[in-house]
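Asks: Encoded as structure tokens, here's the structure I'll be asking about.
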Amino acid sequence: MPARSPVILNQLGPVVGERIAAHPSRPTVLVHEAGRSPWQVPAGVEVLLTRPLIGWEAAPAAPPPGWGNGLRWIQSASTGMDFYPPWLLDGAPVVTCARGVSAVAIADYVMTAILSVEKRWDTIRLTGPEDWRRETLGSLSGKRLGLAGFGAIGRAVTERALAFGMTIGAVRRSGWAEPEPGVEPFDRLEDLAAVSDHLVLALPLTAATRGLMSAGLLAQAKKGLHLVNVARGALVDQDALLAAIDSGRIANATLDVTDPEPLPAGHPFYRHPAIRLTPHVSWSAPDFDRRLADRILANLDAYAHGEPLRDVVDAATGY
């Protein structure tokens, strides 16, 4: 089959745009006009490259008139699809995501968070001779790491954690068809939280996972748990988390995501000594745009030749 030369609307910036324009299918790459909403796609465009946080949160409740006319494929720069309106996933056009593109960067972030807690990286810093003291630091060897979600991020974290001698347990919504080397499968998050020293949330936000880390689940967690959230803030009942930390049940929380983002001024998370907030940057790395472009180009190869696309989002599950 001869390759088609698609018309592509690029909302991902010049680095991706330049790589896409050089594809052998000789696509026509249009730059998104400033001031236009992301769903305002010009006539004749068949491929939309888009991402969250460029106005999709203000999308209308129903598809605008003319939406999707001529569109055949939407590629998102994110893995999670919760930033988009539900009608984006109605099955036409097909939607693909960037599943796994940021897995290495996020895994590095997770290990940094765990090491910072175990090695007490903030508290052992000296500001003068009066601070000089000897303290016993923690170790990752022999500690239990729990993974809530076991996709590309979970695998990348596992690879690094095993090198530190950690014991790994995981739950995943799709179940366990076959064993994963070095990973103990769990059926229930409650059971995993009850035995974990560090628990990483790497789940998509869906109706089923919203508020998953509830007061009840936190009450069943192992005393002294360190919670790391690199997924979505709404997975966690934030009031319940604060109460669990203040009660001593949860020792630390590293939160790259919150609900909302950013949290309002004066929120207790900002000043709490046991909580580290970061501004939703765990995914970021110097080579992110290159890795994203590589993924899109692979799908563009398939698209241009009429072959199946990779990482198609399931409208029923939302990821």
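The values are calculated or read from the model by the stated rules, or taken from the named source; none is laboratory data. Quick caveat, the model's predicted, so the values are computed rather than measured. Note: ideal-geometry Cβ built from the backbone for every residue, glycine included; neighbour counts use all protein chains shown. Areas reflect the complete protein model, heavy atoms only, side chains present, ligands, DNA and RNA absent. Shrake-Rupley method; radii C 1.70, N 1.55, O 1.52, S 1.80 Å.
Asks: On the full set of protein chains, 1.4 Å probe, figure out the accessible area of ASP82 and give it in Å² to the nearest 10.
Replies: 60 Å²
Asks: For region 1-139, build the charge dipole from Cβ charges (+1 Lys, Arg; -1 Asp, Glu) around the Cα centre, then report which of PRO129, LEU53, VAL101 sits farthest towards its positive end.
Replies: Positive-most Cα among the choices belongs to VAL101.
Asks: Next question. Given the options ALA148, ALA315, VAL195, identify the residue whose Cα lies farthest towards the positive end of the charge dipole of the chain (+1 on Cβ of Lys, Arg; -1 on Cβ of Asp, Glu).
Replies: Towards the positive end, the residue furthest out is VAL195.
Asks: Using modelled amide H (1.01 Å from N, peptide plane; none on Pro or chain starts), what sits under 5 Å from the amide H of LEU30, excluding residues fewer than 5 places away?
Replies: HN-HN under 5 Å from LEU30: ILE8, LEU9, ASN10.
Asks: Right, next: Can you check how the C-alpha radius of gyration of the chain compares to 2.2 N^0.38 Å, as a plain ratio? Intermediate values should be presented prior to the final figure.
Replies: Working: Rg = 21.7 Å, N = 319, 2.2 N^0.38 = 19.7 Å.
Compactness ratio reported: 1.10.
Asks: Per DSSP H run of n ≥ 4, the term is -39500 (n - 2.57); total these for the chain, divide by its residue number, and report the mean residue ellipticity at 222 nm rounded to 500 deg cm²/dmol. Please list the in-between numbers first.
Replies: Numbers: 8 runs with 77 residues, N = 319.
So the calculated ellipticity at 222 nm is -7000 deg cm²/dmol.
Asks: From the C-alpha coordinates alone, can you work out the Kirkwood hydrodynamic radius of region 223-294, in Å? Please report the intermediate quantities before stating the final value.
Replies: Working: mean 1/r = 0.0754 Å⁻¹.
Value: 13.3 Å, from the Cα pair sum.
Asks: Say the dipole of the chain comes from +1 at the beta carbon of Lys and Arg and -1 at that of Asp and Glu; which of VAL171, TYR84, GLY44 then lies farthest toward its positive end?
Replies: Farthest towards the positive end: VAL171.
Asks: Counting only protein heavy atoms and using a 1.4 Å probe, what share of the accessible area of region 113-266 belongs to carbon plus sulfur, as a whole percent?
Replies: Roughly 53 percent, rounded to a whole number.
Asks: Let me ask something additional. Note the direction-averaged projected area, equal to a quarter of the hull surface, for the Cα convex hull of region 173-239, in nm².
Replies: Its average projected convex-hull area is 4.9 nm².
Asks: Are there any trypsin sites (Lys or Arg not before Pro) in region 206-243 that are in a DSSP loop and have at most 11 other Cβ atoms within 10 Å? List them by number.
Replies: On the way: sites: ARG210, LYS222, LYS223, ARG232; in loops: ARG210, LYS222, LYS223, ARG232.
Here the sparse-neighbourhood loop sites are LYS223.
Asks: Show ARG249, ARG125 ordered by accessible area, largest first, where the area counts protein heavy atoms only and the probe is 1.4 Å.
Replies: Working: ARG249 85, ARG125 180 Å².
Largest accessible area first, the list is ARG125, ARG249.
Asks: Using only the alpha-carbon atoms of region 136-249 as identical scatterers, what base-10 log of I(q)/I(0) does the Debye formula give at q = 0.14, 0.16 Å⁻¹?
Replies: Calculated log10 I(q)/I(0) at the listed q: -0.54, -0.71.
Asks: Further question on the same structure: What's the longest bit of the chain with no exposed GluC sites (Glu not before Pro), using DSSP loop states and at most 16 other Cβ atoms within 10 Å as the test?
Replies: Between exposed loop sites, the widest span is 136-319.
Asks: Rounding to the nearest 20 debye, state how big the charge dipole of region 1-74 is about its Cα centre with +1 on each Lys and Arg Cβ and -1 on each Asp and Glu Cβ.
Replies: Dipole of region 1-74, to the nearest 20 debye: 200 debye.
Asks: Right, next: Let me know the charge dipole size of the chain about its Cα centre in debye, to the nearest 20, where only the beta-carbon of Lys, Arg (+1) and Asp, Glu (-1) is charged. Let's see the in-between values first.
Replies: Details: 30 positive and 33 negative charges, 64 e Å.
The calculation lands at about 300 debye.
Asks: Using the Kirkwood radius built from alpha carbon pairs, what does the Stokes-Einstein equation give as D for region 199-319 at 25 °C and 0.890 mPa s, in µm² per second?
Replies: Working: Rh = 16.5 Å.
Estimated diffusion coefficient is 149 µm²/s.
Asks: Determine the per residue accessible area of the chain with all protein chains present and a 1.4 angstrom probe, expressed in square angstrom.
Replies: 49 Å²
Asks: Based on DSSP H assignment, which helices of the chain show an axial Cα extent of at least 20 Å together with a mean Kyte-Doolittle hydropathy greater than or equal to -1.0?
Replies: On the way: long enough: 103-118 (22 Å, 1.54); 288-304 (24 Å, -0.17).
Going by DSSP H runs, the hits are 103-118, 288-304.
Asks: Restricting attention to region 146-222, which chymotrypsin sites (Phe, Trp or Tyr not before Pro) occupy a DSSP loop and are surrounded by at most 15 other Cβ atoms within 10 Å? Display every interim value, and only then the final one.
Replies: Working: sites: PHE150, PHE164, TRP176, PHE186; in loops: PHE150, PHE164, TRP176, PHE186.
Within region 146-222, the qualifying chymotrypsin sites (Phe, Trp or Tyr not before Pro) (loop, at most 15 other Cβ atoms within 10 Å) are TRP176.
Asks: Starting from the residue with the highest accessible area, list HIS198, HIS305 in decreasing order, probe 1.4 Å.
Replies: Numbers: HIS198 5, HIS305 85 Å².
Sorted by accessible area, descending: HIS305, HIS198.
Asks: Using a 1.4 angstrom probe with every protein chain in place, what is the largest-first accessible-area order of ILE153, ILE275?
Replies: Values: ILE153 45, ILE275 15 Å².
Putting ILE153, ILE275 in descending order of accessible area: ILE153, ILE275.
Asks: Here is a follow-up. How large is the Kirkwood hydrodynamic radius of region 1-101, counting all unique pairs of alpha carbons, in Å?
Replies: When all Cα pairs of region 1-101 are included, the Kirkwood radius is 14.1 Å.
Asks: Placing +1 at every Lys and Arg Cβ and -1 at every Asp and Glu Cβ, with all other atoms neutral, what dipole size does region 1-138 have around its Cα centre, in debye to the nearest 20?
Replies: Taking the Cα centre of region 1-138 as origin, the dipole is about 360 debye.
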